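Colleague: Quick one: structure below, then a few questions.
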Ligand SMILES: C[S@@+](CC[C@H](N)C(=O)[O-])C[C@H]1O[C@@H](n2cnc3c(N)ncnc32)[C@H](O)[C@@H]1O
């Protein structure tokens with residue numbers, strides 16, 4: 001029997017997520033390549049676009065400071081992630097997965113402090129961080145607790161700092177819903193044409209192979225905005241407007257894939273707010289303005 005309240009199921013979700021990342025997600029498939037990379041498009045045609053999307057995060061962070069919090073850091077798996085804390089004295093990596101933190105420590109050593117913890121109950125005092133990033137993590141938090149994760153991030157931000165949360169609208173993305181059928185048709189065509197993976201590396205990253213997974217919940221933009229409205233200062237802009245499924249099925253080098261992605265990037269730059277609300281992955285920027293005391297009559 002499940003007792004009243006939400007605490008017990010929430011703890012189960014947290015435990016499931018931690019076990020998944022400790023035993024599967026951050027297990028290495030070879031040369032610094034994690035099982036988690038299955039969810040990304042690692043083909044050469046996608047590299048430049050993905051790299052530029054990663055670097056977008058840095059634009060919104062204060063360039064330097066004492067402490068940068070990376071909430072749900074994982075192993076700091078992409079080289080661009082190192083850029084975010086370049087101007088900071090320390091990067092504080094927080095994660096539920098012990099393996100993630102061991103890998104992160106192997107990557108940044110003395111530049112980091114490593115803390116096992118839950119993003120919706122941050123073990124830090126108010127205003128501790130000059131910058132915060134949380135990438136692809138909040139969607140692992142139980143649905144009703146996700147607002148709390150945002151408020152926790154906001155609580156530990158210093159006045160005048162900024163936090164960047166990369167989230168996914170999941171199946172609510174208006175843009176990706178428009179492309180649902182072309183994606184499905186292209187996937188079928190590719191599956192029919194493919195004669196199976198060629199190498200062990202391909203096999204490990206075969207997009208059609210079944211990937212194990214863990215708990216995720218994606219809210220739509222109106223739910224998130226409803227939660228954020230109690231914070232004074234926030235903005236939603238694009239991180240990346242297209243999903244991995246879109247890229248793997250519709251972007252191909254032989255079909256001018258590089259040019260297609262350059263065009264998508266250009267559109268994202270021209271309309272960051274629209275593409276942030278409609279595309280697949282938004283960046284939610286939290287500010288923390290200083291409280292004005294006194295005032296003029
Ligand atoms: C999809 S991975 C993203 C990792 C990294 N931010 C990145 O972009 O590569 C999600 C990470 O969040 C961690 N995580 C999930 N739920 C968490 C929670 N409630 N508190 C802290 N970390 C959590 C997982 O252990 C995992 O390392």
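Laboratory data are not the source of any read-out in this text; all were calculated from the coordinates shown. All figures in this text were calculated on a predicted structure; none of them were measured in a lab. Counting neighbours? That spans all protein chains shown, and the Cβs are built from the backbone with ideal geometry, glycine included.
Colleague: Could you tell me which of rounded, prolate or oblate describes the stretch 1-86, using a ≥ b ≥ c as the square roots of the eigenvalues of the alpha-carbon gyration tensor, with rounded for a/c under 1.5 and, failing that, prolate when a/b is larger than b/c and oblate otherwise? Don't jump to the answer; show the numbers that get you there.
Modeller: Details: a/c = 2.50, a/b = 1.49, b/c = 1.69.
It comes out oblate by the Cα gyration axes.
Colleague: Taking a ≥ b ≥ c as the square roots of the eigenvalues of the Cα gyration tensor of the stretch 98-158, is the shape rounded (a/c under 1.5), prolate (a/b larger than b/c) or oblate? Don't skip to the answer; put the middle values down first.
Modeller: Values: a/c = 2.31, a/b = 1.36, b/c = 1.69.
Oblate.
Colleague: Multiply the residue separation of residue 255 and residue 83 by 0.36 nm, subtract the distance between their alpha-carbon atoms, and state the gained length in nm to one decimal. If you can, show how the numbers build up before the last one.
Modeller: Details: separation 172, 0.36 × 172 = 61.92 nm, distance 3.23 nm.
Full extension from residue 255 to residue 83 adds 58.7 nm.
Colleague: Same structure, new question: Using only Cα atoms, locate the centre of the stretch 86-140 and the centre of the stretch 232-282, then give the distance between them in Å, rounded to an integer.
Modeller: 27
Colleague: Further question: Using the 10 angstrom Cβ neighbour count as an exposure proxy, how do 53, 93 rank, fewest first? The partial results should precede the final answer.
Modeller: Working: 53 23, 93 28.
In order of increasing Cβ crowding within 10 Å: 53, 93.
Colleague: Over the chain, what is the percentage of antiparallel beta bridges among all DSSP beta bridges, to the nearest 5? Walk me through the numbers before you get to the answer.
Modeller: Working: 14 of 34 bridges.
Around 40 percent antiparallel, to the nearest 5.
Colleague: Would you work out if the stretch 53-173 is rounded, prolate or oblate? Take a ≥ b ≥ c from the square roots of the eigenvalues of the alpha-carbon gyration tensor; rounded if a/c is under 1.5, else prolate when a/b is larger than b/c, oblate otherwise. Walk me through the numbers on the way to the answer.
Modeller: Working: a/c = 1.27, a/b = 1.20, b/c = 1.06.
Verdict is rounded for the stretch 53-173.
Colleague: Rounding to the nearest 10 and keeping the result within 0 to 90°, find how far the Cα-based axis of helix 180-193 lies from the longest principal axis of the chain.
Modeller: Approximately 40 degrees, to the nearest ten.
Colleague: Tilt of helix 98-108 relative to the longest C-alpha principal axis of the chain, in degrees (0 to 90, nearest 10)?
Modeller: For 98-108 against the chain, the angle is about 90 degrees.
Colleague: Report the FRET efficiency, 1/(1 + (r/R0)^6), for residue 291 and residue 116, where r is their Cβ-Cβ distance and R0 is 45 Å, rounded to 0.05.
Modeller: Approximately 0.85, to the nearest 0.05.
Colleague: Restricting to Cα pairs below 8 Å that are 6+ residues apart, what does the relative contact order work out to for the stretch 1-119? Please round to a whole percent. Write out the running numbers ahead of the final one.
Modeller: Values: 143 pairs, mean separation 26.6, N = 119.
In percent, rounded to a whole number, it is 22.
Colleague: Can you give the FRET efficiency for residue 155 and residue 263, using 1/(1 + (r/R0)^6), R0 = 41 Å, r = Cβ-Cβ distance, to the nearest 0.05? Mind dumping the intermediate values first?
Modeller: Values: r = 40 Å, r/R0 = 0.98.
Efficiency, from the Cβ-Cβ distance: 0.55.
Colleague: Another question, then. Once you treat every alpha carbon in the stretch 212-297 as an equal point and sum by Debye, what is log10 I(q)/I(0) at q = 0.15, 0.22 Å⁻¹?
Modeller: Scattering profile of the stretch 212-297, log10 relative to I(0): -0.73, -1.09.
Colleague: Using a 10 Å cut-off around each Cβ, can you sort 171, 125 from fewest to most neighbouring Cβ atoms? Don't jump to the answer; show the numbers that get you there.
Modeller: Numbers: 171 11, 125 8.
Ranking 171, 125 by Cβ neighbours within 10 Å, fewest first, gives 125, 171.
Colleague: Let me ask something else. Sort 116, 224, 285 so the one with the fewest other Cβ atoms within 10 Å of its own Cβ comes first. Kindly include the intermediate steps, with their values, before the conclusion.
Modeller: Details: 116 14, 224 23, 285 19.
Fewest to most other Cβ atoms nearby, the residues stand as 116, 285, 224.
Colleague: Can you tell me how much longer the chain between residue 42 and residue 19 gets when fully stretched, taken as 0.36 nm per residue apart minus their C-alpha distance, in nm with one decimal? Numbers along the way, then the final one.
Modeller: Values: separation 23, 0.36 × 23 = 8.28 nm, distance 2.51 nm.
Stretched fully, the residue 42-residue 19 segment lengthens by 5.8 nm.
Colleague: Helix-derived [θ] at 222 nm for the chain: sum -39500 (n - 2.57) over DSSP H runs of at least 4, divide by residue count, nearest 500? List each step's numbers first, then the result.
Modeller: Numbers: 12 runs with 118 residues, N = 297.
So the calculated ellipticity at 222 nm is -11500 deg cm²/dmol.
Colleague: For the chain, just the Cα atoms, rotate onto the principal axes and tell me the three extents in Å, largest first.
Modeller: Largest to smallest, the principal-axis extents are 70, 46, 45 Å.
Colleague: Using 0.36 nm per residue of separation minus the Cα-Cα distance, give me the extension gain between residue 31 and residue 270 in nm, one decimal.
Modeller: Working: separation 239, 0.36 × 239 = 86.04 nm, distance 3.72 nm.
So the chain would gain 82.3 nm between residue 31 and residue 270.
Colleague: Which angle between 0 and 90 degrees, to the nearest 10, do you get for helix 146-156 versus the longest principal axis of the chain when only C-alpha atoms count?
Modeller: With both axes taken from Cα atoms, the answer is about 50 degrees.
Colleague: Points 7 angstrom from Cα along the Cβ direction at residue 64 and residue 215: gap in nanometres?
Modeller: About 4.2 nm, to one decimal.
Colleague: Compare the peptides 97-105, 256-264 by average per-residue count of other Cβ atoms within 10 angstrom and give them in order, highest first.
Modeller: On the way: 97-105: 20.3, 256-264: 15.3.
Top of the packing list down: 97-105, 256-264.
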